[in-house]
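Down below is the structure, laid out as structure tokens.
The values are calculated or read from the model by the stated rules, or taken from the named source; none is laboratory data. As the structure is a prediction and not an experimental result, all values here were calculated from the model. Note: ideal-geometry Cβ built from the backbone for every residue, glycine included; neighbour counts use all protein chains shown. These accessible areas exclude ligands, DNA and RNA; they are computed on the full protein's heavy atoms, side chains included. Shrake-Rupley method; radii C 1.70, N 1.55, O 1.52, S 1.80 Å.
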Amino acid sequence: MRLLFNLLWIVFGGGFLIWLEYVIGGVLLCLTVVGVPFGVQCFKIAGMGLLPFGKEIQDDPTSAGAGFLGFVMNVVWFFVAGLWICLSHLALALATAVTIIGIPFALQHVKLAALALAPFGKRVRTS
């Protein structure tokens with residue numbers, strides 16, 4: 001069932017476009033030394049954006065993005081990109097939740113919105 005939902009997500013839910021946008025953003029951020037940590041977070045969100053069904057987000061206190069440095073990076077991320085990415089995912093969630101068939105896609109957009117707000121110190125885990 002997870003495979004079916006992921007395939008439908010790629011085709012109808014915009015999964016491929018979401019993945020492509022995050023990968024392009026990650027590559028552009030990795031071109032600069034300062035942007036590398038932010039580019040890595042884009043790649044994390046891209047992986048979740050391509051195949052979100054069967055994945056969950058959890059706090060990871062052992063990651064390099066945890067602690068005070070992760071907090072500072074999350075604040076920078078939030079004001080530069082996170083808020084706008086979150087709002088776009090929430091708008092897409094509202095648009096897909098209009099139909100009963102789109103409700104599972106809306107839930108995945110809400111999950112991506114939560115990750116886009118503050119990706120540092122989080123880990124995507126397959127459930």
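Brief remarks follow.
- C-alpha long axis of helix 83-96 to longest principal axis of the chain, angle in °: 10 degrees
- Measuring only protein heavy atoms, the 1.4 Å probe finds residue 34 accessible over about 120 Å².
- Principal axis dimensions, region 14-67 - Cα atoms, whole angstrom, descending: 30, 27, 8
- With the simple spin-label model, which puts each label point 7 Å out from Cα in the Cβ direction, the residue 66 to residue 43 separation comes to 2.1 nm.
- Accessible surface of residue 88 - all protein chains present, 1.4 Å probe, nearest 10 Å²: 60 Å²
- Here r is the Cβ-Cβ distance between residue 83 and residue 103 and R0 is 25 Å; the resulting FRET efficiency, rounded to 0.05, is 0.50.
- Taking amide H as placed 1.01 Å from N in the peptide plane, the amide H of residue 122 sits under 5 Å from that of 60, each at least 5 places away or on another chain.
- Across region 8-17, computed HN-Hα scalar couplings (Karplus, 6.51 cos²θ - 1.76 cosθ + 1.60, θ = phi - 60°) run 5, 4, 4, 7, 9, x, x, x, 5, 5 Hz from first to last residue, x flagging Gly and Pro.
- With θ taken as phi - 60° and the Karplus curve 6.51 cos²θ - 1.76 cosθ + 1.60 applied, the whole-hertz 3J(HN,Hα) list for region 44-61 is 4, 5, 4, x, 6, x, 7, 10, x, 6, x, 10, 9, 9, 9, 5, 10, x Hz, x standing for glycine and proline.
- Most mobile of 61, 52, 104 in a GNM of the chain (Cα contacts under 10 Å): 61
- Applying D = kT/(6 pi eta Rh) to region 40-97, where Rh is the Kirkwood radius over alpha-carbon pairs, T corresponds to 25 °C and eta to 0.890 mPa s, the Stokes-Einstein value obtained is 188 µm²/s.
- Label-point gap, in nm, between residue 7 and residue 56 - each point 7 angstrom along Cα→Cβ: 2.6 nm
- Model label points for residue 16 and residue 75, set 7 angstrom from Cα along the Cα-to-Cβ axis, are 4.2 nm apart.
- Percentage, to the nearest whole number, of Cα pairs in the chain over 18 Å apart: 51 percent
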